[in-house]
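So the structure is just underneath, and the comments pick up after that.
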Amino acid sequence: MRQAIRTMLQIPGPQGMLEAKMNRVVETGRGFIVMCHPHPAYGGNLNDRVLETLSDQAVQLGLSTLAFNVAGVGASVGHTESAATAAKDLAAVINHIEASEGVTPKLLGYSFGAITVLEYASTRQNLETLLIAPVLALGSQSLSEQAVLSGQVIVGSLDTFAQPHTLGARFDPSSVQLIEGADHFFNGYDGALTRAAEPFFNGT
């Protein structure tokens, strides 16, 4: 079993310092994944259970992870008004990883965090992104006007927030993976979720 060193960080963001948590694999790693949490108005933060589950899996596959609190959450300074605002924090975190580690990280977001990833990815090409239950209604007008959205998507068949039928219409159908029986929170479906995410982690 791979071991990871957990470190709390402060990363300069557009409104002030951002609180972040890094799980760095002890052995030679295969890169980094930056993870974005659900909506702060509903308690979303870097300690989210789904993100923790996927971070543990990523570490076992040799990937270091970094989750961060958007502005106004935990010890992160400022205020988050929207996913587009959070995307500016994500940009600062990515810049930090690229400067300090010399790699462009993969991006993973859950719920509101998935929309944060989409908002950022719309400004930059060739990013590897995994979107867990993206709630498209939380996106900006410019995002809603894009004919086809890009990224790999995992969603539960009973998700009433992300609405699988809507995702199937906005993404390439081959990029959307459905977990039968799961709702927006994936309670009881951790195993199915990690199995669905493994190809993304392995780059396949």
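Taken together, the values in this text are just the output of simple stated rules run on the coordinates, not laboratory data. Since the structure is predicted, the reported quantities are computational estimates derived from the model, not experimental observations. Here the Cβ positions follow ideal geometry from the backbone for every residue, glycine too, while neighbour counts run over all protein chains shown.
For the chain, what is the calculated [θ] at 222 nm in deg cm²/dmol (nearest 500), taking -39500 (n - 2.57) for each run of four or more DSSP H residues and dividing by its residue count?
-9500 deg cm²/dmol
Figure the gain on full extension for VAL148 and GLU180 (residue separation times 0.36 nm, minus the Cα-Cα span) and round it to one decimal in nm.
9.1 nm
What ranking do VAL135, VAL103, VAL77, VAL93 get, fewest neighbouring Cβ atoms within 10 angstrom at the top?
Ascending Cβ contact count within 10 Å gives the list VAL103, VAL77, VAL135, VAL93.
Please express the shape of the stretch 122-191 as an equivalent ellipsoid: the semi-axes are the square roots of 5 times the eigenvalues of the C-alpha gyration tensor, given largest first in whole angstrom.
For the stretch 122-191, the semi-axes come out at 21, 13, 11 Å.
Give the value in nm², to one decimal: projected area of the alpha carbon convex hull of the stretch 1-144, averaged over all directions.
The number I arrive at for the stretch 1-144 is 7.9 nm².
Among all stretches of the chain without exposed GluC sites (Glu not before Pro) (DSSP loop, at most 14 other Cβ atoms within 10 Å), which one is longest?
Of all site-free stretches, the longest is 82-144.
Per-residue HN-Hα couplings for the stretch 59-64, Karplus 6.51 cos²θ - 1.76 cosθ + 1.60 at θ = phi - 60°, whole Hz, x for Gly and Pro?
So the Karplus estimates, Gly and Pro as x, are 4, 5, 9, x, 10, 6 Hz.
Counting only the backbone N, which residues of the stretch 44-86 are under 17 Å from the spot 7 Å out from the Cα of GLN10 toward its beta-carbon?
Inside the label zone: 68-79.
Please list 3J(HN,Hα) in residue order for the stretch 142-151, calculated via the Karplus relation 6.51 cos²θ - 1.76 cosθ + 1.60 where θ = phi - 60°; whole Hz, with x for glycine and proline.
5, 6, 5, 7, 6, 5, 10, 9, 10, x
Which order do LEU193, LEU131, LEU107 fall in if you start with the one that has the fewest other Cβ atoms within 10 Å?
Final ranking by Cβ density, sparse to dense: LEU193, LEU107, LEU131.
In whole Hz and in residue order, list the ³J(HN,Hα) couplings for the stretch 163-175 that follow from phi through the Karplus curve 6.51 cos²θ - 1.76 cosθ + 1.60, θ = phi - 60°; x for Gly and Pro.
Values, residue by residue: 6, x, 5, 5, 5, x, 8, 9, 10, 4, x, 5, 9 Hz.
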